[in-house]
Structure formats: C-alpha cells, structure tokens
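Enquirer: Structure incoming, see below.
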Amino acid sequence: MRYRRPMTDDAARDLDRRTQRTRKAVFDALIRLIFAQRYGTIRTADLIEAAGIGRSTFYEHFRSKDDVLVAVIDPIFMPLAVAAAGRGSRAALRATLEHIWEQRAFARALFEPPLLGKLQRKLAGMIEARLPESEDGPPAALIAMGAAAGQLAMLRMWLAGEASCPADVLARAFLAAAKPTGIEQ
C-alpha cells in the first residue's frame, strides 16, 4: 500500500472550487435548456454537452438530470420551506410565487408526476430541517411531508387556474397554514 500525503488546505480548497464550478456549469446548463425546450425532452447527454463537462464528471456529482433539477430548485423552495416552518417572510414568499407564476408553463410541468414526488420529498426535507424538535408531538418528518404536500397541491391548483388569486393572497395563505410545532397546544 502506498502512502498518500494528507490533502493540504490549498488542495482541498481547489478541489472545492472545481466542484463548485462543475455544479454551477451543470445548473446553468439545465436552466438554459429548460428555457429552450420542454424538460421532458432534455436528455442527460444534452445537459452534459451544454455544461461542457465529461460524462464521468457529470456522474461524479449527479445520478440523473432529475437530481440536478432537485438541486437547482433550492432557491425557489427556500421561502416555501421557511414559511412552512412558521418563520416566513411574506415579501420573499410573494416574490417567489410571482416568479413561479411568470414561469407557470414550466412550473406546471414540474409539479406533475413523476417529478412531483421527488420535489415533494425535497421540499419536505427542507421543511423538516427548519422545524423545532418536539418530544410529545408527531415526528418532524411527518409534519414536513404534510406541509410540503399541501403547499405543492395549492401551487398546482393555482398554476392550473383551478383556484385563482393574487400571489400575495397565496403567500398569506401559506403563512397562515404554518404552525411552528405542527401540533395544537
């Protein structure tokens, strides 16, 4: 067995920067492709080519284009997760909902099976991370999954035009539905 020197801080920082550059290239490529064509028609090979990386590099970071989408959606889901945990900003939530509305054709496609389940699990995980611990209440994972399912159901209805209201009204509804502990006192 050969001895390997420990990685220096500089080498670790360079590796981290390379990882960040690669992930950013893939994220940017997916966003460009999404605005150029339907998500369902994008192949992983298209994403790899648009990002300007090798196939093995892509698979070192992601399992599929769906994994990339789940990572890219963080900034959109953040205000939703914070709101579900009872600490949301109406202004931030309204801005997010307005952005989703502006991209509603794309959003409607995303919030349908099979992506809906993945996105719901992603949002639930983000919510769960923000919920306070409760010794006598239901598990945080259960509360988070219910909140994520509720938010995404409301979004789907709103985007489909089944329930029409301004983004600010929907933001208030999301905030009103949030209970920090998820249980009645």
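Enquirer: For GLY137, work out the one condition from (1) more than 18 Å from the chain's Cα centre (by Cα); (2) within 17 Å of THR96 (Cβ to Cβ); (3) open to solvent by less than 30 Å² (accessible area, probe 1.4 Å) it doesn't fulfil.
Expert: Unmet for GLY137, out of (1) more than 18 Å from the chain's Cα centre (by Cα); (2) within 17 Å of THR96 (Cβ to Cβ); (3) open to solvent by less than 30 Å² (accessible area, probe 1.4 Å): (2).
Enquirer: While we're on this one: For segment 51-60, indicate whether the set of residues that are within 14 Å of the chain's Cα centre (by Cα) and at negative phi is non-empty.
Expert: no
Enquirer: Of the residues ALA144, ALA109, only one is in a helix (DSSP H, G or I), out of contact with any Cys (no Cβ under 8 Å at 6 or more places or on another chain), touching a residue at least 40 places away in the same chain (Cβ under 8 Å) and surrounded by fewer than 18 Cβ atoms within 10 Å (Cβ to Cβ); which?
Expert: ALA109
Enquirer: I've got another one for you. Restricting to segment 112-126, what's the tally of residues that are part of a helix (DSSP H, G or I) and of a type outside the set (A, V, I, L, M)? Can you show your working first?
Expert: So the first thing to find is which residues in segment 112-126 are part of a helix (DSSP H, G or I), and the list is 115-126.
Retained after the next criterion (residues that are of a type outside the set (A, V, I, L, M)): 117-118, 120-122, 125.
Qualifying residue count, segment 112-126: 6.
Enquirer: Answer yes or no as to whether SER164 is free of Cβ contacts under 8 Å to residues at least 40 places away in the same chain and either loosely packed, with under 15 Cβ neighbours inside 10 Å or out of contact with any helix residue (DSSP H, G or I) (no Cβ under 9 Å at 6 or more places or on another chain) (or both).
Expert: yes
Enquirer: Anything in segment 11-42 that is of a type in the set (Gly, Ala, Ser) and modelled with pLDDT of 90 or more? List them, or say none.
Expert: Matches in segment 11-42: ALA25, ALA29.
Enquirer: Which residue is most open to solvent (accessible area, probe 1.4 Å), if the candidates are limited to segment 79-104 and must be out of contact with any Asp or Glu (no Cβ under 8 Å at 6 or more places or on another chain) and of a type in the set (Lys, Arg)?
Expert: Ranking the qualifying residues of segment 79-104, first place goes to ARG87.
Enquirer: Listed residues PHE106, PHE111; which is touching a Lys or Arg at 6+ places or on another chain (Cβ under 6 Å), at pLDDT below 90 and farther than 13 Å from PHE174 by Cβ?
Expert: Result of the check over PHE106, PHE111: PHE111.
Enquirer: Another one. From (1) modelled with pLDDT under 95; (2) more than 14 Å from the chain's Cα centre (by Cα); (3) open to solvent by 50 Å² or more (accessible area, probe 1.4 Å), pick out the condition that doesn't hold for LYS118.
Expert: (2)
Enquirer: Another question, if that's okay. Restricted to segment 49-78, and to residues that are outside any helix (DSSP H, G or I) and over 30 Å from ALA91 (Cα atoms), which residue is most open to solvent (accessible area, probe 1.4 Å)?
Expert: So the first thing to find is which residues in segment 49-78 are outside any helix (DSSP H, G or I), and the list is 52-54, 62-64, 73.
Checking which are over 30 Å from ALA91 (Cα atoms) leaves us with 52-54, 62-64.
Values: GLY52: 67, ILE53: 36, GLY54: 34, PHE62: 10, ARG63: 185, SER64: 33 Å².
Only one residue tops the list, namely ARG63.
Enquirer: Still on this structure, I have one more. Considering only segment 85-106, state which residues are assigned to a loop (DSSP other than H, G, I, E, B) and without any contact (Cβ under 8 Å) to a residue 12 or more places away in the chain.
Expert: Matches in segment 85-106: SER89, GLN103.
Enquirer: To continue, here is another question. Can you pull out the residues in segment 54-81 that are under 17 Å from ALA167 (Cα atoms) and among the hydrophobic types (A, V, I, L, M, F, W, C)?
Expert: Hits for segment 54-81 are ILE76, PHE77, MET78, LEU80, ALA81.
The values are calculated or read from the model by the stated rules, or taken from the named source; none is laboratory data. Since the structure is predicted, the reported quantities are computational estimates derived from the model, not experimental observations. A quick note on method: Cβ atoms are made from the backbone with ideal geometry, for glycine too, and the neighbour counts reach across all protein chains shown. For accessibility, only protein heavy atoms count, side chains too; no ligands or nucleic acids. Shrake-Rupley method; radii C 1.70, N 1.55, O 1.52, S 1.80 Å.
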